[in-house]
Amino acid sequence: MNRRAAIRNMALIMGSAVVLPSCLHDDKGKAVVELKHLKIDADQEKLVNSLTETILPKTDTPGAAELGINLFVFKMLDDCTSKEQQADFITGLGGFADEAKKQMGKSFADGTDKERTAFVTQMEQHSKDKNYKDNAKSMAFYQMVKGQTIFGYTTSKFFMTKQVVYELVPGRYNAMYPAKKAMA
Amino acid sequence: MSNNTYDAIVIGSGISGGWAAKELTEKGLKTIMLERGKNIEHIKDYVNANKGPWEFEHRGGRTQKMIEDYPVLKRDYPLNETNLDYWTNEKESPYTEIKRFDWFRGYHMGGRSLMWGRQSYRWHDTDFEANLKDGIGTDWPIRYKDLAPWYSHAEKFAGISGNRDGVPILPDGDFMPPMDMNIVEKDVQKRFKDFYKDARHFIIGRTANITVPHNNRTNCQYRNKCWLGCPFGAYFSTQSATLPAAMATGNLTVRPWSIVTKILYDKDTKKAKGVEVLDAETNKTYEFYAKIVFVNASALNSAWVLMNSATDVWEGGLGSSSGELGHNVMDHHLGVGAGGRIEGFEDKYTFGRRANGIYIPRYRNLNGEKRDYIRGFGYQGGGSREGWSRDIAELNIGGSFKDALSEPGSWNFGMGGFGETLPYHENRAYLDKTKKDKWGLPILAIDAECKDNERKMRIDMMNDAKEMLENAGVKDVNTYTSEPVLGRGIHEMGTARMGRDPKSSVLNEWNQVWDAKNVFVTDGAAMASAACQNPSLTYMALTARAADYAVKELKKGNI
């Protein structure tokens, strides 16, 4: 894919906020998202999709899924991380899936909002506990996804045009702008 | 053959090459400007300049492929997807690092004038006298008074915004109105002044971004996208400023894809008669002839062209008789400074993106002070408010966390030092004949490093930064430093230095090669010392001054 087309496609993904329903997955469990380097199956894709939505859920403003942040996370992992990081991602993803299943009694993606939030909140608590080292790999996976989710969200068109004031051509520099206005 | 004959040839189209072309054509010389890379047309070819951050596939980040393709560029901020096309293809144009040297190049029309940092400061007599006083390198053959009118000339045309601060070490210039400091910078400035009085100064950066309309260019729109090329022509570049002026004379021819392989030297007249060009697209060789040759290929590549020329007369190339050609590689050392948090001002934010910051001019080793190193450093920095709140300990995920991401975070203030490097003879670049580039040309080997003086200076650069920020009321100040690496400042200088004596310098007081008086070198190569100010304004002034002299000499029949 040439660069121009890639950017156009990405803009479409980000702009139109289309999330393909799971029925589009084929029978072989192949992931829908097109990746060049990272090899993931449909279950793994679903887990990452639901994890990004758990981190940034839909409220009265769009969540990660609606904004296509999950696709951005995959794009960044696919293009911008090394083979070693990708291997760690897959290993960590497996660990995360196992731990979630053990705790929730079902796959992470099949959990309710509440169950997923509880599980991820626990991950967050572990991440702050220096003595907790049981899940280093799944923690690394989680941090990778969270980092890219936040990056994707805070640089998305929605965020930069609706949540904060971003003008392509400000035309002036106001050194004492009221904070409330900037955060309209 | 006559179509290949001009009055003047300019090698390179960056900041100094563009200036040479403008000055020479405005004085009536039929001039050809040779650019080794592709053409980039003003506005039309700034393909990413009008994109929102979300329109970049990786939001401006770097892919694994980019990291593999650009092993040098990846070492610092320049490698990113927004202006990748402006940086030199490292596979096609390799160089040998005897010691690590970060060489960030731009092989295209306009050169690094499209990506430069735009900070523009005059030098002071302290800088021009330093080598003589310290007994280091070669004495500058000029003083501030020789360059002052040319600084004015350069500032008036380029458009430099700045405040007339009256700082003795940093002469005021012919400025456009300054950009504003934000509220936090004003607060820091006030405390800074209360503490340091007139011993140290905290000023708004002087930058080549115009703040009022100028020569058909629109004033700065506060987009902070300068490195993409400005559709408003608001920052100085070859494309926005010198090229249109030169084209308007009707005297300029521009030839992209033209790698100058050597200057053609005539033993009988002891002058250059022209240059040999390798067409980068067709691999065909051409010759161009002229009465004057301006070498503006950037410090290291200007040395490369000279080293590759007249080798039948001087083994080391044109200008090598002094033994200094390619030597005395300098840069500014950086990557050391401090930053912290500012309390208060929660109800204030900034609107617009100012592509400028604050500047603290040199204060060390002045007025009789003697540190355990010589020369000095300045700082660039600024206050900014984080885009979103990061200190939300209890909120890690979920809807409230999402909302918190759009709340403004804390105000921070940071600054980093730019230190002078000394001219060391053993810091050098030379032709590595064992390796060739894509076009079969010998490549450069660079063997240069920071030494004791720079390392000692860096201790002050770090500790002073912390001390000044704390004295100015900044909280939780953290310092940083790094292994000093030459090249990283992207201010390469010194490889064909000016001087008073042909035995110890490559160029005379008018930037003429001692060994060929119709060859002028007016880019960073000409610098006899580095000072600590950003150097491009000085290249502009030196170029305009040399061009004026060259045309006068030509008219007198002296060259």
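Peptide packing for B:38-47, B:145-154 was compared via the average number of neighbouring C-beta atoms within 10 Å per residue; ordered from the highest value, the list is B:145-154, B:38-47.
Considering only DSSP states other than H, G, I, E and B, which trypsin sites (Lys or Arg not before Pro) in segment B:252-309 qualify as loop sites with at most 14 other Cβ atoms within 10 Å? Taking segment B:252-309 and a limit of 14 other Cβ atoms within 10 Å, the loop trypsin sites (Lys or Arg not before Pro) found are B:LYS267, B:LYS270, B:LYS284. Would you mind getting me the FRET efficiency between B:LYS555 and B:GLU386? Use the beta-carbon distance for r and R0 = 60 Å, nearest 0.05. The calculated FRET efficiency here is 0.50. For the peptide B:345-358, the mean number of other protein chain Cβ atoms found within 10 angstrom of a residue's Cβ is 5. Computed extension gain for B:ARG500 through B:ARG75, at 0.36 nm per residue and net of the alpha carbon distance, reaches 149.2 nm. Could you tell me the calculated FRET efficiency between B:ASN367 and B:ARG341, based on Cβ-Cβ distance and R0 = 35 angstrom, to the nearest 0.05? Result of the calculation: an efficiency of 0.60. Each listed q (0.07, 0.12 Å⁻¹) maps to a log10 I(q)/I(0) for chain B from the Debye sum over equal C-alpha point scatterers, namely -0.39, -1.19. The charge dipole of chain B, taken about the Cα centre with unit charges on the Cβ atoms of Lys, Arg (+1) and Asp, Glu (-1), comes to about 860 debye, rounded to the nearest 20.
Segment B:364-382 and segment A:26-89 have Cα centres lying 52 Å from one another.
Model label sites at B:ILE67 and A:LEU35, defined 7 Å from Cα along the beta-carbon direction, differ in position by 1.6 nm.
For segment B:361-468, rounded, prolate or oblate, judged on the Cα gyration tensor with a ≥ b ≥ c (square roots of eigenvalues), a/c < 1.5 rounded, else prolate if a/b > b/c? Verdict is oblate for segment B:361-468. Using a cutoff of 8 angstrom between alpha carbon atoms and counting only pairs six or more residues apart, the relative contact order for chain B works out to 22 percent. Under the rule a/c < 1.5 gives rounded, and otherwise a/b versus b/c splits prolate from oblate, where does the protein assembly as shown land using the Cα gyration tensor? It comes out prolate by the Cα gyration axes. Annotated for segment B:32-107: lysine pairs at least 8 residues apart or interchain, Cα distance under 21 Å, count 6. For segment B:99-160, what % of the accessible area comes from carbon and sulfur atoms, probe 1.4 Å? Taking all protein chains in place, segment B:99-160 shows 53 percent carbon and sulfur surface. Within segment B:228-303, list the GluC sites (Glu not before Pro) lying in a DSSP loop whose Cβ has at most 15 other Cβ atoms in a 10 Å radius. Filter output for segment B:228-303: B:GLU281.
Restricting to the protein assembly as shown, what percent of DSSP beta bridges are antiparallel, rounded to 5? Before the final figure, lay out each step's value.
Values: 57 of 78 bridges.
Counting only bridges with both partners in the protein assembly as shown, antiparallel ones make up about 75 percent.
Inter-chain neighbour count for A:54-64: the average number of beta-carbon atoms from partner chains within 10 Å of each residue's beta-carbon is 3.
Take each residue of peptide A:149-161, count the partner chain Cβ atoms within 10 Å of its Cβ, and average: the result is 4. Quick one: if the Förster radius is 56 Å, what FRET efficiency do B:GLU97 and B:ASP172 give, using the C-beta to C-beta distance and rounding to 0.05? Between B:GLU97 and B:ASP172 the formula returns 0.90.
Sorting check: for A:145-154, B:318-327, B:7-16, which peptide has the highest mean count of neighbouring beta carbons within 10 Å, and how do the rest follow?
Details: A:145-154: 20.9, B:318-327: 24.1, B:7-16: 29.4.
Going from most to least packed, we get B:7-16, B:318-327, A:145-154.
Based on DSSP H segments of at least four residues, each scored -39500 (n - 2.57), chain B has a per-residue ellipticity at 222 nm of -6500 deg cm²/dmol.
Checking every one of the trypsin sites (Lys or Arg not before Pro) in segment B:454-505 against DSSP loop status and a limit of 14 other Cβ atoms within 10 Å picks out B:LYS503.
Checked against a 20 Å cut-off, the cross-linked pairs B:LYS284/B:LYS436; B:LYS145/B:LYS271; B:LYS291/B:LYS556; B:LYS27/B:LYS555; B:LYS262/B:LYS436 give Cα-Cα distances beyond that limit for B:LYS145/B:LYS271.
Which shape class, rounded, prolate or oblate, goes with segment B:438-559 when its Cα gyration tensor gives a ≥ b ≥ c as root eigenvalues, a/c under 1.5 marks rounded, and past that a/b bigger than b/c marks prolate?
Details: a/c = 2.94, a/b = 2.02, b/c = 1.45.
Because a/c hits 1.5 or more and a/b exceeds b/c, segment B:438-559 counts as prolate.
The values are calculated or read from the model by the stated rules, or taken from the named source; none is laboratory data. Predicted model only: the values in this text are computed from it and were never measured. Cβ: placed from backbone, ideal geometry, glycine included. Neighbour counts: every protein chain shown. Please note that ligands, DNA and RNA were not included when accessible areas were found on the heavy atoms of the full protein model with its side chains. Shrake-Rupley method; radii C 1.70, N 1.55, O 1.52, S 1.80 Å.
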